[in-house]
Amino acid sequence: MRYTVHWTSPSGPSKEPHDLGARAAERAMTFASMGASEVYVETSDGRVFRAPAQMAALVQYAQTADAE
């Protein structure tokens, strides 16, 4: 499954693709801890997980999705 990390920094909105949900969650937490706003991960099936509150749910979801 594909995951896209989205965030907004002072220079504007950005995004970064990842193949693994755990890696996407790591990157989202990094951007959130650095002060970025609107940090979230969007899955290829359209689900959205907001950082930092929903990263545990993303990792749990990815364990099943990435195993398929």
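The values are calculated or read from the model by the stated rules, or taken from the named source; none is laboratory data. Predicted, not measured: the structure shown is a model, and the values here were computed from it. Glycine also receives a Cβ, built like all others from the backbone with ideal geometry; neighbour counts cover every protein chain displayed. Remember, those area values only see protein heavy atoms, side chains included, never the ligands or the DNA or RNA. Shrake-Rupley method; radii C 1.70, N 1.55, O 1.52, S 1.80 Å.
Points worth noting:
- Extreme residue, modelled with the lowest pLDDT, among residues of the stretch 1-29 that are among the polar types (S, T, N, Q) and open to solvent by less than 70 Å² (accessible area, probe 1.4 Å): Ser9
- Count of residues meeting criterion [open to solvent by 50 Å² or more (accessible area, probe 1.4 Å) and farther than 11 Å from Met1 by Cβ] in the stretch 43-56: 6
- Test for Ala32: is it assigned to a helix (DSSP H, G or I), touching a residue at least 12 places away in the same chain (Cβ under 8 Å), surrounded by 13 or more Cβ atoms within 10 Å (Cβ to Cβ) and in contact with a strand residue (DSSP E or B) (Cβ under 6 Å, 6 or more places away or on another chain): yes
- Test: residue in the stretch 45-58 that is under 10 Å from the mean Cα position of the chain (by Cα) and in a helix (DSSP H, G or I): yes
- Glu68 falls short on exactly one of the conditions (1) within 16 Å of Arg2 (Cα to Cα); (2) open to solvent by less than 80 Å² (accessible area, probe 1.4 Å); (3) more than 11 Å from the chain's Cα centre (by Cα), and that condition is (2).
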